[in-house]
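Student: Would you mind keeping the following structure in view while I ask a few things?
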Amino acid sequence: MTIGTVTPPLDDWLAHCERLHPKTIDLGLERVRAVARRMGLRFDCPVFTVAGTNGKGSTVALLEAILTQAGYRTGAYTSPHLVRFEERCRIGGAPVNAADLIAGFEAVERARSEAMLTYFEFTTLAIADTLARARLDAAILEVGLGGRLDAVNVFDADCAIITSIDIDHAELLGDTRERIGLEKAGILRTGRPAIVSDPMPPQSVIDRGLEIGADLWLPGRDYRHHGDRQQWAWSGRQRRYHGLAYPALRGANQLVNASGALAALEAMHACLPVTAQAVRGGLSLVQLPGRFQVVPGQPVRVLDVAHNPHAVAALALNLDAMGFYPATHAVFGAMADKDAVAMLTRMDALVERWYFTDLPTPRAARGTALYALWQKLTRRTDAAAQVFDTPAQALAAAAASADTADRIIVFGSFYTVGGVLGGDVQR
């Protein structure tokens, strides 16, 4: 897609991707694999793939931070983004410039012929092409949805990681943890490390790993961690770390993610050796916006992309651990296909003031619909709620009505958090 000799800007390419396929999600690898083959797309470095329901982005960030501290040139692909599309592609820990992605989009367009790629498939291939040309020491790829049929799975993982699994996207992946686990296990490869970081993994994940002869690493068997209020320790098959500082990412669930990341690094030690100093440095410096991100000030603000019951349950526990606040104000927007009833029910006891919001995508539930759900389920007689057109408007109202000693939480979707950080989110 060029106009004369002028290359369109990134926004034009993204608009082009949105128009190609009538569906937002069309699971299957045939189209993506054919285009990748015509592109000659391959990585000349070890590849980590990370699948799961929750904890994927944090695990990618932890691997990226530790490997960077060890002196390796890393490339990471995550989705969705919060503010700018370029956040999805990081090299050396930093988002690439928009101009750096253009060659990847052009390569996909040349190779796709008549193939109708979805927005996610096209952009995944474009970012993979960008990373493949970046002379990386390690590539870390986050799976978008499921695993077996996700576009990222066209790349064979040298080390596959499966994070916590819960029911999400049930209409596409199945309505039980066992069915969803089997879809996630599609990223495992014969004879290669398969790190399971879910403390209670579905049996289907273990069975699939055994069936194909993957090198399964299970928590409590092949690696484990423990800690107190000040520090934690980790042990694997051969390596041990004691007196570790807690990861810079907040939340008790981050220790599970960090433990899985350390197992992956031990499993890949032969080709990517990492020192204890790099582990400590990476844990202390890792950053990932929107994952229990506490913004200091008065009132304090907490940004969390939790968008399913499992993630919201973790958010609630983390909020409880913060201590006492006179009132909690919640800005909430969610996709229409999410279990909003379960999310609102879990947070009902914690929130005094709700600010429901529309989101800038047809997939989102209307703020008025969320408000109606809350009215039906709340058990509180002292709580109140309003509806707003945008997350930014909802946050402004919360900030205006909150006392300095209160707290404001923003959650429910990447769109919700992205909306208060200053941008819209795709996919």
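The values are calculated or read from the model by the stated rules, or taken from the named source; none is laboratory data. This one's a predicted model, so the numbers in the text were calculated from it and none came from an experiment. In this analysis, Cβ positions are derived from the backbone assuming ideal geometry, glycine residues included, and neighbour counts consider all displayed protein chains.
Residues checked against (1) of a type in the set (D, E, K, R); (2) under 28 Å from ASN308 (Cα atoms); (3) within 21 Å of the chain's Cα centre (by Cα):
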| position | (1), (2), (3) |
| --- | --- |
| PRO8 | no, no, no |
| ASP11 | yes, no, no |
| HIS16 | no, no, no |
| THR24 | no, yes, yes |
| MET39 | no, no, no |
| SER58 | no, yes, yes |
| GLU64 | yes, yes, yes |
| ARG84 | yes, yes, yes |
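Student: Limited to region 152-178, what total is found for residues that are more than 22 Å from PRO193 (Cβ to Cβ), in contact with a helix residue (DSSP H, G or I) (Cβ under 6 Å, 6 or more places away or on another chain) and in contact (Cβ under 8 Å) with a residue 40 or more places away in the chain?
Tutor: The total comes to 1.
Student: Across region 263-276, what is the number of residues that are touching a strand residue (DSSP E or B) at 6+ places or on another chain (Cβ under 8 Å) and touching a residue at least 60 places away in the same chain (Cβ under 8 Å)? Outline the logic, then answer.
Tutor: First pass over region 263-276, keeping only residues touching a strand residue (DSSP E or B) at 6+ places or on another chain (Cβ under 8 Å): 263-264, 266-268, 272, 276.
Filter once more, so that each one left must be touching a residue at least 60 places away in the same chain (Cβ under 8 Å): 263-264, 267-268, 272.
Number of matching residues: 5.
Student: Taking region 16-42 as the search range and keeping residues that are among the aliphatic types (A, V, I, L, M) and modelled with pLDDT under 95, which one is farthest from LEU173 (Cα to Cα)?
Tutor: LEU20
Student: Taking the condition of a type outside the set (Phe, Trp, Tyr) and touching a Leu at 6+ places or on another chain (Cβ under 6 Å), does LEU136 pass?
Tutor: Values: of a type outside the set (Phe, Trp, Tyr): yes; touching a Leu at 6+ places or on another chain (Cβ under 6 Å): no.
Judged against the criteria, LEU136 is not a match.
Student: Name, by its number, the condition in (1) farther than 22 Å from ILE140 by Cα; (2) without any contact (Cβ under 8 Å) to a residue 40 or more places away in the chain that does not hold for GLY251.
Tutor: The number of the failed condition is (2).
Student: Can you find even one residue in region 345-359 that is at positive phi and exposed (fewer than 15 other Cβ atoms within 10 Å of the Cβ)?
Tutor: Among the residues of region 345-359, not one is at positive phi and exposed (fewer than 15 other Cβ atoms within 10 Å of the Cβ), which makes the answer no.
Student: Just wondering, is there one or more residues in region 332-339 that are touching a residue at least 60 places away in the same chain (Cβ under 8 Å) and among the small types (Gly, Ala, Ser)?
Tutor: yes
Condition check ((1) in a loop (DSSP other than H, G, I, E, B); (2) modelled with pLDDT under 95; (3) over 19 Å from ASP337 (Cβ atoms); (4) not assigned by TED's automatic domain parsing to the domain that holds VAL341) across all residues:
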residue: TYR355; (1), (2), (3), (4): no, no, yes, no
residue: LEU370; (1), (2), (3), (4): no, no, no, no
residue: LEU373; (1), (2), (3), (4): no, no, no, no
residue: ARG379; (1), (2), (3), (4): yes, no, yes, no
residue: ASP382; (1), (2), (3), (4): yes, no, yes, no
residue: GLN386; (1), (2), (3), (4): no, no, yes, no
residue: ALA392; (1), (2), (3), (4): no, no, yes, no
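Student: A follow-up question, please. Write out, first by first residue and then by second, each pair whose Cβ atoms fall under 8 Å of each other, whose residues are 6+ apart or on separate chains, and whose first residue, in region 17-36, is on the phi > 0 side of the Ramachandran plot while the second is assigned to a loop (DSSP other than H, G, I, E, B).
Tutor: As it stands, the answer is GLY28/LEU149, since those pairs meet every condition given.
Student: Then there is this: Kindly list, by first and then second residue, each pair from a residue in region 381-399 that is more than 19 Å from PRO362 (Cα to Cα) to a residue that is of a type in the set (A, V, I, L, M, F, W, C) and part of a loop (DSSP other than H, G, I, E, B), limited to pairs with Cβ atoms under 7 Å and residues at least 6 apart or on different chains.
Tutor: Once the first residue is more than 19 Å from PRO362 (Cα to Cα) and sits in region 381-399, its partners that are of a type in the set (A, V, I, L, M, F, W, C) and part of a loop (DSSP other than H, G, I, E, B) give ALA383/VAL351.
Student: Which fully enclosed strands (runs of 3 or more DSSP E) of region 225-337 have 1 or more residues being in contact with a helix residue (DSSP H, G or I) (Cβ under 8 Å, 6 or more places away or on another chain) and among the aromatic types (Phe, Trp, Tyr)?
Tutor: So the answer is 232-235, 240-244, 328-332.
Student: Tell me yes or no: at least one residue of region 307-330 is among the aromatic types (Phe, Trp, Tyr), more than 19 Å from THR163 (Cβ to Cβ) and loosely packed, with under 13 Cβ neighbours inside 10 Å.
Tutor: From region 307-330, those among the aromatic types (Phe, Trp, Tyr) are 324-325; that's our starting set.
Next cut, more than 19 Å from THR163 (Cβ to Cβ) only: 324-325.
In the following step, the residues that additionally are loosely packed, with under 13 Cβ neighbours inside 10 Å were identified as 324.
Yes, that holds for at least one residue.
Student: Among the residues that make up region 66-73, is at least one of them in contact with a strand residue (DSSP E or B) (Cβ under 8 Å, 6 or more places away or on another chain), among the hydroxyl-bearing types (Ser, Thr, Tyr) and over 29 Å from PRO202 (Cα atoms)?
Tutor: yes
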